[in-house]
Amino acid sequence: MELERPEIPFTSVDLQPDEEEAKRQTRGIAELPERLKGWLEIGIPVVKAIDVAHSESDPSIIQYLQNEKNFKFYSVHFACDFKPPKDCSFADAWFEIQLLPEPISVKKEVVAWSMNPLTEGIEQKVTKTYKLDAMIKFEPVGLGGSGERIKEFTGTEVHIEAHRLGTNKPSWEFIHTEARSIRGIYLLDLVIKQPNTIKSKIIASLTANVESYKFGIFKYHTPIQPSPNQERIVG
């Protein structure tokens, strides 16, 4: 079944320095890292039910939904827009989701049934070459020599990777690579599975290591108390 991704509205979220790391890294330093304003926008989660009424074109999904009649499925669409200044960058980042029963006292679990993307990167042909000179010493590649060993293989330089599929705390990791920095808009999709007798609450948050000239690499996160735009009630 092919689903059309909905339009996702964005909201600006400040990144605040991690308190524990601030205490550890800034001892004896008068100036502490400030909140980062305008560096990050998070898409307000958009939820769509996946039910028989929306699956008429795919009999196999209808059959599966009928077999799983004790559960409900929803597609949830997220987005992140990273906007670091030109002289700074995100070294890495984690977009984390909490899936909670609503109310929290309910002893039933909501889980990430599927995630998109699972992994995303750039496939590269990697050549590992070293040269030996006449005295069996290493010499820089390209200068010539009496011996040469070459190994070639194809690998993927991962930029985004999903974690904890099948749990109530799924996340996506963003990795800065030589080929691609963490910048611009990323679209993330999740299918959740929850018992049909309850509702659930989705809470989105982000943690990142930010690299700047002044403080080097420093850990930041979205506010501990999420704004209403970072939450959604489902069901």
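The values are calculated or read from the model by the stated rules, or taken from the named source; none is laboratory data. Every value quoted in this text rests on a predicted model; they were computed, and no experiment measured them. We place every Cβ from the backbone using ideal geometry, glycine too, and count neighbours over all the protein chains shown.
Quick look at the numbers
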| quantity | calculated |
| --- | --- |
| Residues within region 27-57 that are acidic (D, E), farther than 30 Å from R183 by Cα and at pLDDT 80 or above, tallied | 1 |
| Wholly within region 153-235, strands (runs of 3 or more DSSP E) carrying at least 2 residues that are in contact with a Phe, Trp or Tyr (Cβ under 7 Å, 6 or more places away or on another chain) and of a type in the set (A, V, I, L, M) | 184-195, 199-212 |
| Residue list for region 57-103, restricted to those being crowded, with 20+ Cβ neighbours inside 10 Å and among the basic types (K, R) | K72 |
| Strands (runs of 3 or more DSSP E) fully within region 1-120 counting 2 or more residues that are in contact with a helix residue (DSSP H, G or I) (Cβ under 8 Å, 6 or more places away or on another chain) | 46-50 |
| Members of region 199-219 that are of a type in the set (A, V, I, L, M) and either modelled with pLDDT under 95 or over 23 Å from A49 (Cα atoms) (or both) | L206, A208, V210, I217 |
| Matching entry among R183, R164, R149 (being at pLDDT 95 or above and either touching an Asp or Glu at 6+ places or on another chain (Cβ under 6 Å) or farther than 25 Å from K48 by Cα (or both)) | R183 |
| Qualifying residue in region 121-132 (condition: surrounded by 17 or more Cβ atoms within 10 Å (Cβ to Cβ), at pLDDT below 90 and among the charged types (D, E, K, R)) | yes |
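For (1) touching a Leu at 6+ places or on another chain (Cβ under 7 Å); (2) surrounded by fewer than 18 Cβ atoms within 10 Å (Cβ to Cβ); (3) of a type in the set (S, T, N, Q), each residue gets a yes or a no:
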site: I175; (1), (2), (3): no, yes, no
site: S181; (1), (2), (3): no, yes, yes
site: I192; (1), (2), (3): yes, no, no
site: I233; (1), (2), (3): no, yes, no
